Amino acid sequence: MKIVVFGSTGMVGSRIASELEQRGHEVIGASRATGADITDPASVAAAVTGADAVISAVAARGVDYTLHDVARSVVDGLRRASVKRLVIVGGAAASRSRRACA
């Protein structure tokens, strides 16, 4: 499968991309470093055109957008590109202290 991974240079995304490659998938990395703007549906559509699936492994630390903004943009971009498979991974619980989770 051809799989686009948004956040492919991050801690989680890089591990996902590596695992997918080891399993024989064609992986296309998309990140701020590659010029992909995950908050712009047209940019998302351009990045995912021809993909079989998309994984979003982006974080909202140190940026001026929310994960809600990202989700809306990604879904819109995938619709424009007619991509039907999307997986979103995140670590929201990691932002809470251990005491708060107990």
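General remarks:
- Projected onto their three principal axes, the Cα atoms of the chain cover extents of 45, 31, 24 Å, largest first.
- Extension gain, LEU67 to SER18: 0.36 nm times the residue separation minus the Cα-Cα distance gives 15.3 nm.
- 3J(HN,Hα) from dihedral phi, segment 5-16, Karplus parametrisation 6.51/-1.76/1.60, rounded to Hz, x for glycine, proline: 10, 7, x, 5, 9, x, 4, 7, x, 5, 6, 5
- Computed over protein heavy atoms with a 1.4 Å probe, the accessible surface of the chain works out to 64 Å² per residue.
- Charge-dipole axis of segment 1-76 as Lys and Arg at +1 and Asp and Glu at -1 on Cβ define it, positive-most pick from ILE16, VAL74, THR39: ILE16
- Residues with amide H under 5 Å from that of ILE28, placed H, sequence gap 5 or more: ILE3, VAL4, VAL5
- Kirkwood hydrodynamic radius of segment 14-61, Cα pairs, Å: 11.7
The values are calculated or read from the model by the stated rules, or taken from the named source; none is laboratory data. Predicted, not measured: the structure shown is a model, and the values here were computed from it. Here the Cβ is made from the backbone with ideal geometry for all residues, glycine too, and neighbour counts use every protein chain on show. These area figures cover heavy atoms from the full protein model, side chains too; ligands, DNA and RNA do not enter into them. Shrake-Rupley method; radii C 1.70, N 1.55, O 1.52, S 1.80 Å.
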